[in-house]
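See below for the structure under consideration.
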Amino acid sequence: MSHWPLLFHNANLSLNPTGSLWWEGESLLCVADLHLGKSERMARRGGSLLPPYETSETLDRLSREIDALEPRNVVCLGDSFDDLESAGALGEANTERLLAMMAGRNWIWITGNHDPGPVTLPGTHCAEHHLNGLVFRHIAEPDGVGEISGHYHPKARLRLRGVGISRPCFLVDGSRLILPAFGAFTGGLCTTDAAFADVMGNDALAVLTGTKTAAIPMPRPRRRARNQEMSKTRNFPLKTSGRPRKPLL
Amino acid sequence: MPIDQPSDATRLPQHLTRWFADRGWTPHRHQLDLYERRDDPGMLLIAPTGGGKTLAGFLPTLAELGENPEPGLHTVYVSPLKALATDIRRNLSTPINDMGLTIRVEDRTGDTKATQKARQRVDPPHILLTTPESLALMLSYPEAPAIFGGVQRVVVDEIHALAESKRGDQLMLCLSRLQTISPHMRRVGLSATVEDPPALAGVLGHGSRVLLADPGPEPQIAMLETAELPPWSGMGGRHAARAVMDLVENANTTLIFINTRAQAELFFQAIWAVNSKNLPIGLHHGSLSREARLKVEQAMVAGEMRAIVCTGSLDLGIDWGNVDLVIQVGAPKNVKRLVQRIGRANHTYNAPSRAVLVPANRFEVLECRAALDAVAEHDLDGDTGRAGGLDVLCQHILLMACSGPVDPDALFAEVRTAGPYAGISRAEFDDCLEFCATGGYALKAYDRWRRLVERDGLYHLRDPRSARNLRMNVGTIVGTETLPVRLRGGGGTPLGEVEESFAASLVPGDTFLIGGQTVKFENLREMVVQVSRQPTREPRIAVFMGTKLATSTKLSERVIGILDAPGRWKSMPGYIGDWLDLQNHISRLPTPGRLLVETFQRQDRAHICVYGFAGRNAHQTLGLLLTRRMEEAGLDPLGFVSNDYALLIWGLQPVTNPAAMLTADDLRAGLDGWLASNAVMKRTFRNVATVAGLIERNMPGQRKTGRQATFSSDILYDTLLKYDPDHLLMRITRDEAARGLVDYGRIEDMLSRVEGRIDVVHAPHLTPLAAPLLLEVGKVPIRGSGRQKLEDQAVEELLAEAGLAVPAA
C-alpha cells in the first residue's frame, strides 16, 4: 500500500490511498463520514429511491482496512450514520458485520452533524477524542491545533495533460488534517470552495487518494493576484522550488 | 392523401371567408382540405415552410368556436419551442381581432408567471398554447379533468421535430391521457417534409390519416465551388468565407447553417473578416445567452439582418418571410434535415427555395454530391420504428400518480394508445411501475418506503408532499452542466454558457470565442466563468457541446455508391476524380456490400484503415474495440482516429489477418466488457436516471449549498453495475447507448451487411483515401492499462515539476 507518511505534531501517521488514516504507534485506524444508511434515509424521507447497496459497499471497504491493519483502536470521525435512525435501520446482515468488526476493538464514535447523539451500537460515543496531543473531532474548529477532522468531504480537481482528475483528498497544513469521506454515495466538496479558504492555511497540501497517494499544493480558486501575494508572504514559489520539500510543514 | 375535389373559400364559415377576402387572400388548398376533414379523429398535415401550416391547424378551431364562444378550453396547441408559442399567440390575435371574435388565446410555458398559471387552472382560455413539458405538468394536477374535460382539438406543431425524441414520447403519453379525459378530442399534427408520413401518423396515433400539401416547386440547390480548394480535412469551411460573403451580398437575407457551435463561432469570425461592406450579419447558437439570441431574432423579424450564422438552433421556429437563400456549410450529415433547412428559404410559397452546399473538406464533396442526388430523388433518411423510452414512461407514471390514484390496467391500456408505446408489453410496463413504486432493486430494501403504495388495486403516492418534487423533475431534456460566461466588472454582461468540463480546462489567460468575440479567461467564481475582452489574440477553440452528428446510414450508402461508379465522378470538381483515380491505382475503392481494409507501413508504424462507412460514433466505438483486441493479441496499438467513413489505427506490429479481428461475435464480447465501464455509458445513465426520477435535477440556487451532500451519478452507476446489473435503468442505459453515442447498432448492421466479404489490400504506402484521416483532429491515444495509470503518471510529473518527492511505496 503506497501511503503518504506524515509527521503531524510528533505523531507518525500514514495517509492511505483508500482515504483512511493509520497511526501505527497507537494501532489506531481513523475514517471519516461513513454516512451509513444514506439511501435508506433518503427513501424514508420521501426522496429518491437510490440503489440500496451503498451500506454494504462502505462496510466492504472498511472491513478490508481492518483486515489489513488489524487496529486495536478505531475512530469514526462523525457522520458515521446518515441520521440517528439509520443506525437502527441498517438491517440485520449489515449490523452483524459491523458488530463483528467492532468485536475486541476499542471503537470510538465521534458525533457529527448527521448523528449528533449516541446510537444504539456499542462503542464509546463522544464529541471529541484526545490522544497524545492530537484531537479527533467532526468539524475543524477555528483555533484547532493538532486537529484531525472530517465533515467537508474534500476533493481536488486538476487538469493534467488534458486529463481531468477529480479525487477525494486529505487536506493538511501545520495545524490540522481533514480526512476525505470514506462512505460510498458521499460526493465531495472541491478544495476551491470558499469554505476551505478560511479553514486551511496558505501552505496546505492536498494528498490525493486513488491507487496510490500523491500530494500537491491544495488547488485553490484561480486568482493570479492571490497566488503572487501568497508567494511573497510565504516565501516559497508555488511551482518550481528547486529543492524537494518534506511534507511536514 | 390529398382530396381531389374543387376547393374554394366558400366552404369555410362566412366570417372566415370574409376575413380572407378582406385581405385579398385565398386560402391554400391544403388549408381547406384540412378544414373539410376537421371531424376526423386524427390528421397529419405535411406542408412546406411558408405554406400557412399553423393557420391551417387553427381554421377548424376558429370555425367551431364561432363568433361568440362559450367559456372553456377548446383547443390545446403544443409546440417544441417556447418562443414559438409566444409568436403564435401574436399571429393568432391578428385574425381574431380583425374579425372581432371574443376568443381568448393564452400561452403557458416555463416562462409564464405563477399568477397567470394559477388563473388558467380556474379559468382556462379557449386556446392554450404550450410545450410538451408544461402540458405534462398541467396533467399532473388533480384538477386536470376539470381543465381539460371539454377539450375538442389538439394541434401539435413541428411534430417531425418531436417524433424521434423523448420529448415526443412524453407528449404522446400526454395526448393519450387527454384523450381519456376528453374522449371526443380530435388531433392535428403539422409537419415539415419527412421520409415516411404514415409512420409519423402512427406516432400521432388515434388512427391519424395523412394529408400532403402541394410541396411547391423543386428547390434549386447547388454545391459551391470555390477558387481555393477545400482542405483535406477539418470541418470549419473557413476557406469558403469569401465566396459565401459574395452570395450573402447578392441575396436579400441568408441563413448560414453550420453543424457545431464552435465551428459557427469560427465561421462567424471568418466571414466578418471579409465583410468589407459591413453588412449586418448575426450569430445564433444554443450556447449564447437568451438575451443575445433574442436580440438576433428580433433584428431578423424587423428585417434588419442580411445574414445569420446559426446551428440547429434555427432549424425550427418562426418563419421569417424574407429569407431567400440557405447556405449549408459542412456536409449535411442527414438528408431530411437538409431538406427541412432548405425549406427555410421560402419567402413565398410558390417560389423555389434556393440553397448552396459548401463542403468543408474533400470527403465532404462526395457527401454533398450524394446529398444533392438524394434531395433530387426525394430519398429521405430517418430512424425507423423507434420505441418509446421506458425512462419517459417511468416519469409519466409518477406524474399520473400525482394527479390521482393510478389503476395499472387502465393506465396500461391508455399507454398502449400512444404511438411510440403501441408495442409495449405488460411485463415492461410492470417493470416501470415497480421501479416507480419501490426502486425495482433486487434487494427489496424499500418495501417500507415505497413511493407508490397499493390500496384496493390502485397505486397512490405514499407521501402526497412528494408530488412537488416529482413535478420539479418534469421533462426529458437533461442539460449538460453548463456555466454562465460573464464579462468581469460592469455588472457582468452575460455572453453565453460553456460546458463545465470546458470551463475546468481553462487556465487564466486562455482565450476562446463566444458570441463572435475573443475573450480571455480570468477566473471561475461562484460558478460563473469571468472573462474580459481580448480583441487581438488568436482564440483557442471553444469545444462546448462536443458531440458531433454522425452521417446517416442512407447518406453513407450513397457515398459508397458514388465511389463505386466512376462515371458519376464527373459531376464533381476535377480534383475529386484525380484523387479517386489515384486511390484505385494504389489500392482500390470501397464497394457496396463489402468491407475494404487497407494495411500499410508509415514512419515505422503499422497502419490499418477500415472503411466502415458507419458514421463517426460507430467508428469511434469500433476503434476502441479493435485496439482492445489488438492489445490482447500483442500488436501494441498506439492510437486511432476516425471520421464518418473510416477508422485508422496505428501500432508497432502489423495486423496480418484483419478479417479475423472483425468477427461480430468477438467484437460483441469485447463490447460487453468495455461498455460497462465506459464514460459514455455513465453519461447515458445520468440522463436516464434523471428522466426516470432516480436523481433529482440540480435546481438553480441548490447548487451552492450542500454540494458535498450530493452524490455523483457515476457512483450510483458503479454500485448498480456491481450489485444489480439487470436493474431496469441499467437495461434502458444499455439500449440507449447501443443506438446513441456508442452506436454499436451500426457496427452490427455493417458487419451483417458485409457477411465476411472483407477485401484486404496490403498497400505499398499511405493511400490517397486514408491520407485525410491523418489530418483529422481527435486522435485517440491508447492508454494501455487505462486511465488511472495515465493519471498517476501525470500526477508524478506534476510532483516532479513542483519539486515534491514521490513517497516510497
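Observations on the model:
- Membrane-span-like helices in chain B, defined here as complete DSSP H runs extending at least 27 Å along the helix axis by their C-alpha atoms with mean Kyte-Doolittle hydropathy no lower than -1.0, are absent; this is a sequence and geometry rule, not a statement about a membrane.
- Whole-number percent relative contact order across the range A:4-231, with pairs defined as alpha carbons under 8 Å at least 6 apart: 20
- Alpha-carbon radius of gyration plus Dmax, which is the widest Cα pair, for the range B:560-640 in Å: 15.3, 46
- With contributions of -39500 (n - 2.57) from each DSSP H run of at least four residues, the per-residue ellipticity at 222 nm computed over chain B stands at -12000 deg cm²/dmol.
- Computed E for B:THR591/B:LYS117 - FRET, C-beta separation, R0 56 angstrom, nearest 0.05: 0.40
- Mean per-residue shielding of peptide B:444-452 is 5, counting Cβ atoms of other chains within 10 Å of each Cβ.
- Where Rh is the Kirkwood radius over Cα pairs, Rg/Rh for the range A:1-86: 1.07
- Most mobile listed residue (A:HIS130, A:HIS114, A:HIS35) in chain A, GNM with C-alpha springs under 10 Å: A:HIS130
- In nm, spacing of pseudo-spin labels at B:ARG90 and B:ALA222 (7 Å Cα→C-beta vector): 3.5
- Whole-Å semi-axes of the ellipsoid equivalent to the range B:246-378 (Cα gyration tensor, √5λ, descending): 22, 17, 14
- Chain B: relative contact order in percent, alpha carbon pairs under 8 Å with at least 6 residues between: 11
- A protection proxy built from the mean count of other Cβ atoms within 10 Å ranks the segments B:452-465, B:746-759, most packed first, as B:746-759, B:452-465.
- 14 Å reach of a label modelled at B:HIS15, 7 Å along Cα-to-Cβ, counting backbone N of the range B:38-79: B:59-71
- Charge dipole (the range B:593-686, unit charges on Cβ, about Cα centre) - positive-most of B:ALA618, B:ALA633, B:THR599: B:ALA618
- Between helix A:92-102 and chain A: long-axis angle, C-alpha atoms, 0 to 90°, nearest 10: 60
- Within the range B:52-103, the proportion of Cα pairs with more than 13 Å between them is 62 percent.
- Cα pair count fraction exceeding 35 Å, expressed as % - chain B: 54
- Using the Cβ-Cβ distance between A:ALA68 and A:ASP203 with R0 set to 35 Å, the FRET efficiency from 1/(1 + (r/R0)^6) comes to roughly 0.65.
- Estimated D of the range A:4-231 in µm² per second, where Rh is the Kirkwood radius over Cα pairs and Stokes-Einstein applies at 10 °C, 1.306 mPa s: 88
- Placing a label point 7 Å from the Cα of B:ARG386 along the Cα-to-Cβ line, the residues of the range B:715-752 whose backbone N sits under 19 Å from it are B:731-749.
- B:THR180-B:ALA633 pseudo-label distance in nm [points 7 Å out on the Cα-to-Cβ vector]: 5.5
- Taking Cβ atoms as reference points and 10 Å as the exclusive limit, the residues near B:LEU487 contribute a net charge of +2, counting Lys and Arg as +1 and Asp and Glu as -1.
- Between B:ASP665 and B:ASP735, the contour length at 0.36 nm per residue exceeds the Cα-Cα span by 23.4 nm.
- Using θ = phi - 60° and Karplus 6.51 cos²θ - 1.76 cosθ + 1.60, couplings along the range B:41-52 (whole Hz; Gly, Pro as x): x, x, 9, 10, 9, 10, 9, x, 4, x, x, x
- Segment A:ASN113..A:SER27, full-extension length gain: 28.3 nm, with 0.36 nm per residue of separation and the alpha-carbon distance subtracted.
- Summed residue charge, Cβ within 9 Å of A:GLY144's Cβ, Lys/Arg positive, Asp/Glu negative: -1
- As a calculated quantity, the FRET efficiency between B:ASN350 and B:TRP232 at R0 = 45 Å, using C-beta atoms, amounts to about 0.60.
- Carbon and sulfur %, accessible surface of the range B:123-273 computed with the full protein complex present, 1.4 Å: 54
- Shielding by partners for peptide A:52-58, expressed as the average number of C-beta atoms from other protein chains within 10 Å of each residue's C-beta, is 5.
- Of interest is the spacing of the C-alpha centroids, which for the range B:629-691 and the range B:46-114 amounts to 51 Å.
- Chain B against chain A buries an accessible area of about 4900 Å², both chains summed, 1.4 Å probe radius.
- Fraction of alpha-carbon pairs over 59 Å apart in the protein assembly as shown - percent: 16
- Candidates A:SER14, A:SER27, A:SER80: whichever shows maximal mean-square fluctuation once chain A is modelled as a Gaussian network with Cα springs under 10 Å: A:SER27
- Given charges at Cβ of Lys, Arg, Asp, Glu: the range A:4-231 dipole, positive-most of A:TRP23, A:ALA140, A:ILE216: A:ILE216
- Other residues with beta-carbon under 13 Å from the beta-carbon of B:LYS82 carry, at +1 per Lys or Arg and -1 per Asp or Glu, a net charge of -2.
The values are calculated or read from the model by the stated rules, or taken from the named source; none is laboratory data. The shown structure was predicted, so the numbers you read here are calculated from the model rather than taken from an experiment. FYI the Cβ positions are ideal-geometry reconstructions off the backbone, even for glycines, and counts take in every protein chain you see. All accessible areas refer to the heavy atoms of the entire protein, side chains included, with ligands and DNA or RNA removed. Shrake-Rupley method; radii C 1.70, N 1.55, O 1.52, S 1.80 Å.
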